[in-house]
1. Counting just the residues of region 157-191 that are hydroxyl-bearing (Ser, Thr, Tyr) and closer than 30 Å to Arg102 by Cα, which one comes out modelled with the lowest pLDDT?
2. Restricting the search to region 34-56, which residues are among the aliphatic types (A, V, I, L, M) and within 20 Å of Val178 (Cβ to Cβ)?
3. Name the residue, out of Thr69, Thr127, that is of a type in the set (S, T, N, Q) and in contact with a strand residue (DSSP E or B) (Cβ under 7 Å, 6 or more places away or on another chain).
4. Out of Ala134, Ala168, Ala192, which single residue is aliphatic (A, V, I, L, M) and more than 20 Å from Ile74 (Cβ to Cβ)?
5. Taking into account only those residues within region 57-78 that are part of a loop (DSSP other than H, G, I, E, B) and out of contact with any Ser or Thr (no Cβ under 8 Å at 6 or more places or on another chain), which is farthest from Pro108 (Cα to Cα)?
6. For residues that are aromatic (Phe, Trp, Tyr) and out of contact with any Gly (no Cβ under 6 Å at 6 or more places or on another chain), scanning just region 14-64, find the one that is nearest to Asn210 (Cα to Cα).
Amino acid sequence: MGKYNAVLKKRKWWRSNARLDALFVEGALHEGVLERNHENFGWKPEHKPINLTGAPTVYLPRPERQPPTGDWFIAQATYEDTKGHERPHVLAFFRSPGQSFRLAVATPIHWGQRMPKPLLDADGYVTDMDNDVARAVTEEYRNFWNGERKKEGDSGYRLAKNSYSRKAFPAVNKGLYVGFAGHGSVFGFRTAGGGSFFLFALLNDSKSVNNVLSEALLVPKSSKTIQELGANWFS
C-alpha cells in the first residue's frame, strides 16, 4: 500500500506506462489506462491513496495449489471509496514468477453485504474454488452485459434479481458502451457454507479500452443464483 500510495501522489502518474506496469495487472491495469481518458475529459482521477482502517483479512491458497503462472491472494480491507465513504473492499493480488505482487482486481463491497467465511484446511489456507462453476459464472456475466445471441441463464446460472448489474446496465447502455471481450484471472475459494466465492474483472479488448467491470460474487450451496456481494463499473 505504501508503494501504491507513493505512485498515486506523482503528478499524472497514469501517463507513465512503467508506473502502471509496476502497480497493476489485468483489470486493475485497465483502470489505470482509463484515467488518461478522464484527464482528456477534464474529470478528476478516480484513484486515490488508500488509508486502511484496521488490519486487512488475507485469504491465501496453499503454496502447492498455486497455478504455474504465478501466485495470488485475496485481501479484504476497509478504506474510503471514490465518494469518501469508509467501506470494505475486496482485492486480488497476483505475481508472475520472479515478479512482485501487483493489484489485479478490486471492488467495494455493497452496503449491507459481507464477505463469506471461507472453508479452511487444517493449516488455515482457503480451499480451491470450483473451476466448473467459475467458468459458468463468468460466462453468464459476459452474456448478460453483451447479449450476444445468448439468452440469460444459458450458462446454467442466473443473476439474482437485486444484482448491481441489473440496475447498472440500462443506464450504462444509454451512453457509449463497448461490450466485454473476456475476463481476467478468476480468484476464489469454497465457502464454509458449501458455496463458492469468486472475484474477477470483465475486460474489453486491449486495443479498445472503454469499460471494466469488477465483480465479487457468491454462489450458495446447491444454488443456481449468483449473488452479487460487490461490483464496480469503471469507464
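1. Ranking the candidates gives Tyr177 first.
2. Once the filter is applied, which keeps residues that are among the aliphatic types (A, V, I, L, M) and within 20 Å of Val178 (Cβ to Cβ), region 34-56 yields only Leu34.
3. That would be Thr127, the only listed residue that is of a type in the set (S, T, N, Q) and in contact with a strand residue (DSSP E or B) (Cβ under 7 Å, 6 or more places away or on another chain).
4. Ala168
5. Ranking the candidates gives Pro68 first.
6. Phe41
A quick yes/no check of all residues on (1) more than 19 Å from His30 (Cα to Cα); (2) in contact with a helix residue (DSSP H, G or I) (Cβ under 7 Å, 6 or more places away or on another chain); (3) of a type in the set (Lys, Arg):
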{"site": "Asp128", "(1), (2), (3)": "yes, yes, no"}
{"site": "Arg135", "(1), (2), (3)": "yes, no, yes"}
{"site": "Gly147", "(1), (2), (3)": "yes, no, no"}
{"site": "Lys161", "(1), (2), (3)": "yes, no, yes"}
{"site": "Pro170", "(1), (2), (3)": "yes, no, no"}
{"site": "Val186", "(1), (2), (3)": "no, yes, no"}
{"site": "Phe189", "(1), (2), (3)": "yes, no, no"}
{"site": "Leu203", "(1), (2), (3)": "no, yes, no"}
{"site": "Thr225", "(1), (2), (3)": "yes, no, no"}
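So that you can scan it fast, the table gives a plain yes or no per residue for (1) surrounded by 12 or more Cβ atoms within 10 Å (Cβ to Cβ); (2) within 16 Å of the chain's Cα centre (by Cα):
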| residue | (1), (2) |
| --- | --- |
| Asp71 | yes, no |
| Asp132 | no, no |
| Tyr141 | yes, yes |
| Leu159 | yes, no |
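The values are calculated or read from the model by the stated rules, or taken from the named source; none is laboratory data. Every value quoted in this text rests on a predicted model; they were computed, and no experiment measured them. Neighbour counts are summed over all protein chains in view; Cβ atoms, including those assigned to glycine, are modelled from backbone coordinates with ideal geometry.
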